[in-house]
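Visitor: Here you go, one structure.
Rule-based calculations on the coordinates, nothing more; no lab input. In this text the structure is predicted, and so the values were computed from the model without any measurement. We place every Cβ from the backbone using ideal geometry, glycine too, and count neighbours over all the protein chains shown.
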Amino acid sequence: MPEVETVRRGLIPHWVGRRISFVDLRRPDLRFPFPDGFDEGLTGATVVGIGRASKYLLIRLDNGLTWLSHLGMTGVWTIDADGEGKHDHVYVEFDDGALTATYTDHRRFGIMDLFETADETDHKLLAGLGPEPLTEEFTPEALKASLHGRRSPIKTVLLDQRVVAGLGNIYVSEILHRAGISPLKTAAQVAGKSGRIVVAVERMWEQTNEVIFEAIEAGGSTISDFRGVDGSGDLGYFPHQFTVFNREGEGCKREGCGGTVRRIVQSGRSTFYCSRCQN
């Protein structure tokens, strides 16, 4: 989510207030086919705002439609690129060519859709999302309720977008380390019994907000294909603050710990943690 928020902030000064004058779809699909009438629905509309829900960009148009864009793992929006690359799949012109934007996606895991803005809360990709960090809806009580009774590892559960929207693999490893919680524990073990909020849940809630805030301020995490809208990889400074992610075999950064960062695989994803201070 911090990466998507960085892209959203980068697009706003370029797109908002501009009219889409031309749309060229270079293929019929990304992860899923483009909806019928997608390019026609965009053409002639003016962008009035760009929102975000979890990892989905929500581009509001003056014709009552919302253009959804999910970047997947390798999707990139670039301003004023020539749009002629092998993996440039969507090319857009604004204000009769005064500005262009190109969507590039090597692995085509991205998603685009177009729907009535009034129907957003019922959209199949958005309806089941949990609360986001840094919002009033994301509370220790809501987090505890989502974890209660779940027997899957806490790391896996936190990646479920229905529990907390917007968390990715990097950030969950960092959150659990900062909170001193083992990724091997089940969600139910962390949540504790019914009733009062346990210390572990409070720590995890606090660290979730702190990690996501720091990552957004740092422009996300430049891992692999993440780029800003100017095409530059010169952003994403949060890796300088990693305490465990991608640090297998290195010393734990927690003061006085003396442990070593380990890597395991959970649900097909790498988990980095310190077995000494995460328990």
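Visitor: Of the residues G149, G128, G85, which exhibits the maximal mean-square fluctuation in a Gaussian network model of the chain defined by a 10 Å Cα contact cut-off?
Guide: Of G149, G128, G85, the Gaussian network model singles out G85 as fluctuating most.
Visitor: Now, a different point. What is the Cα radius of gyration of region 2-122 over 2.2 N^0.38 Å, N being its residue count?
Guide: 0.95
Visitor: Same structure again: Quick one: Cα centre-to-centre distance for region 245-279 and region 75-98, in angstrom?
Guide: 41
Visitor: Mean residue ellipticity at 222 nm from the helices of the chain, using -39,500 (n - 2.57) per DSSP H segment of n ≥ 4 over the full residue count, to the nearest 500 deg cm²/dmol?
Guide: Counting only the DSSP helices, I get -7000 deg cm²/dmol.
Visitor: State the answer as a single residue: which of V198, A145, I216 lies farthest towards the positive end of the charge dipole of region 82-217, with beta carbon charges of +1 for Lys and Arg and -1 for Asp and Glu, about the Cα centre.
Guide: So the residue we want is V198.
Visitor: While we're on this one: Can you give the Rg and Dmax of region 140-274 based on its C-alpha atoms, in angstrom?
Guide: Taking only Cα atoms of region 140-274, I get Rg and Dmax of 15.2, 50 Å.
Visitor: Still on this model: Given the options R151, R162, R52, which has the most mean-square fluctuation in a GNM of the chain, springs set between C-alpha atoms less than 10 angstrom apart?
Guide: Highest fluctuation among the options: R151.
Visitor: Right, something else. Just from the alpha-carbon atoms, what are the Rg and Dmax of region 79-135 in angstroms?
Guide: In order Rg, Dmax, the Cα atoms of region 79-135 give 15.7, 40 Å.
Visitor: Let me ask something else. In whole Hz, what ³J(HN,Hα) sequence does region 41-47 give by Karplus (6.51, -1.76, 1.60; θ = phi - 60°), x for Gly and Pro?
Guide: x, 7, 5, x, 8, 9, 6
Visitor: Taking θ as phi - 60°, what are the ³J(HN,Hα) couplings along region 199-209 by the Karplus curve (6.51, -1.76, 1.60), each to the nearest whole Hz, with x for Gly and Pro?
Guide: Couplings: 4, 4, 5, 4, 4, 5, 4, 4, 6, 4, 5 Hz.
Visitor: Give the cross-link partners of K155 among the lysines, using a straight C-alpha distance below 26 Å as the criterion and excluding same-chain residues fewer than 8 apart.
Guide: Cα-Cα hits under 26 Å: K55, K124, K144, K185, K193, K253.
Visitor: With springs only between Cα atoms under 10 Å apart, run a GNM on the chain and tell me which of P28, P133, P183 wobbles the most.
Guide: With Cα springs under 10 Å in the chain, the top fluctuation among P28, P133, P183 is at P28.
Visitor: Give me P(r) over region 59-107, computed from all C-alpha to C-alpha distances, binned every 5 Å, as integer percentages.
Guide: Bin by bin from 0 Å, the calculated values are 5, 20, 24, 24, 18, 8, 1.
Visitor: While we're here: Return the Rg/Rh ratio of the chain with Cα-based radii and a Kirkwood Rh.
Guide: Here the Rg-to-Rh quotient is 1.01.
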